Structures are given as C-alpha cells and as structure tokens.
C-alpha cells in the first residue's frame, strides 16, 4: 500500500449523484487510516452539495462549465498534489491527469464485461464488486472500513429527527426512463399504502418534479418533497421516514448514505453492475426471468422492445408486501 501519511491527494469523480456518494467510504477510510492526509475533491459544481458538509474533505474543487480542461490542469498543478485518485476513469479525467508529473491511481472499470452482458446477455459478472469496493481497488492493498456510505446534512452533523409512524419515502424518478419502475406502478402502490393509512413522502430532483406532482394527487396522505436538486432539504425529510423505496438511482444511494433501510427496484439494469444499496438494511426487487435484461448499463429513454416487462412484471402488490416485510424487520 502506498504511504499517504502527510501527503496531499486529489480525488476525481465529476458526477453523478449516486456515483459521488459511493466514493464516500474511500474518502472516510483514507482520512482515518493516514494521519495528516490532505484530501481535495474535484467534481462538477452542480454536485457540490453532495459533499458540502463532508468533514473528511479539506477542499472541494468545482469543475464548472466555464472552465476548460487546461484551466483545471493549471489549478491542479498549483496545488502541488503528491497523488491523484481518478475514480471516474473517463477521457476527460485522463486528459486532465496527462503530463502533470503526478502519480495517478485509476479504477479499472469492467467496461468489456458490461458490454457483453448488455449486448449478448453473456454474464461474466457473477462475481462482482460493489462500486465502493471497485473504487477501493484503485489503491493497492487498500481496504475499506465497514461503515457504509456517508451523506452529511449539516456542518455539525448532529441532525436527529424522530421517525413518523407509517411514513414511507418513495423516490419514483430516475435519470433515464427505463430505470424507473414506472408512474402507473407507483400510482397503484400508493393506492395500496393509502388503504392502510400509510403516509407517503415523495422525493425527486428537478427532472422528477412533474412526476412527483402527478403522484402527489393519488391521495391526501401523500406529501411532495421534490426540489430543484436541493439534496440537503430532501435528506432532512428522508430522515423522518421508516424506509425509502426507489429505483436504481442516486437518491437510493442518498438514503443509504443516511443509514436508512432501502428497497430498490431494478428494471432495465441489474445488480451485477455493482450499484446495490451499500451496507444498509435493504431488499432488492428484480425479475431475473426477463431475458432482455439488461438492455443498458445506464438506462434508456424508452424500452427497446416496447413492452417494459422488466418493470411491469413486478406487481405493486408484491412491492407492497416487501415494504410490510421490511417494516416488520426494523
């Protein structure tokens, strides 16, 4: 293992919400294992709030749309880092790191295995790393602690909110349409919950606001907490929930970062890509009998087969039963 004590290190992960939250175990473990380590983080500026209150990061370097790769490289040079940990491993991060004269540790993404799984349904990911573990492999002989993900909502990190009885959080949206279980399915699930007087809190970013608004009309027991991507505000409301239900999406990982119980529905993607809820109590729902899964490793804007069986074959009644089961286990 490279010695990082008294070193200055830059982590690169530009986006997105879930991917950045999934880097938090490596951030925390590095700071706890190596004394006097200075840790900076480079990410797109619209994701600053994901790490805004993280006490293990000494400085956030925002990559906004006005900055060129050349300008970012100049900033990195001026900081005089000893090492760079590239957890994005994209062409952009490669260009930024080129010719800096700084040792770079980079993750090895299983791109070819994902390609064969999606294109030919050849599953060579039967033994797979969860994403935080894949990140950790960027550093030789480095092992994560056992504390899961982090999402800090304040500088003091002492927010304690009392749970509300029968309060279920739902995150119905996703960046790509086929990663969402579907509006009709969520509408029917809310009807099940409403009949037994469960209260539903809806969460979503600016791209989910219209969906959440429509679903909020399903019952007077539904409260819409969607925002213009105000993660801190949503997180504080999430803490009042008994559990969070959602898709393979960033808000699901946000809930895991708050140490909440999670139910995740995988539709067009599969858990073998490594995006399971990490080290929090959870239930995974997916239909492994759908032979066209996965059709993408990131999701699509519409089902290529036009039937969306990966989502519609999962019944709201079954999801409702999984909610009741998890509640009994809490």
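The values are calculated or read from the model by the stated rules, or taken from the named source; none is laboratory data. In this text the structure is predicted, and so the values were computed from the model without any measurement. Please note: Cβ atoms are built from the backbone with ideal geometry, for glycine as well, and neighbour counts cover all protein chains shown.
Looking across region 122-134 at every residue that is assigned to a loop (DSSP other than H, G, I, E, B) and touching a residue at least 12 places away in the same chain (Cβ under 8 Å), the one that is surrounded by the fewest Cβ atoms within 10 Å (Cβ to Cβ) is identified as 126. Among the residues of region 57-74, those that are in contact with a strand residue (DSSP E or B) (Cβ under 9 Å, 6 or more places away or on another chain), without any contact (Cβ under 8 Å) to a residue 40 or more places away in the chain and surrounded by 15 or more Cβ atoms within 10 Å (Cβ to Cβ) comprise 57, 60, 72. Checking each residue of region 19-30 against the condition of being in a loop (DSSP other than H, G, I, E, B), closer than 27 Å to residue 252 by Cβ, touching a helix residue (DSSP H, G or I) at 6+ places or on another chain (Cβ under 7 Å) and at pLDDT 95 or above gives at least one match. Quick one: residue 256 ticks every box in (1) outside any loop (DSSP other than H, G, I, E, B); (2) touching a helix residue (DSSP H, G or I) at 6+ places or on another chain (Cβ under 7 Å) bar one, so which box is it? Condition (2) is where residue 256 drops out. Just one residue in the set 77, 119 is closer than 18 Å to residue 7 by Cα, without any contact (Cβ under 8 Å) to a residue 40 or more places away in the chain and either more than 23 Å from the chain's Cα centre (by Cα) or not assigned by TED's automatic domain parsing to the domain that holds residue 42 (or both); that residue is 77.
Scanning region 1-18 for residues that are part of a loop (DSSP other than H, G, I, E, B), buried (at least 18 other Cβ atoms within 10 Å of the Cβ) and either over 16 Å from the mean Cα position of the chain (by Cα) or free of Cβ contacts under 8 Å to residues at least 24 places away in the same chain (or both) turns up just one, 4. In region 34-56, of all residues being in a helix (DSSP H, G or I) and in contact (Cβ under 8 Å) with a residue 24 or more places away in the chain, the one that is surrounded by the most Cβ atoms within 10 Å (Cβ to Cβ) corresponds to 50.
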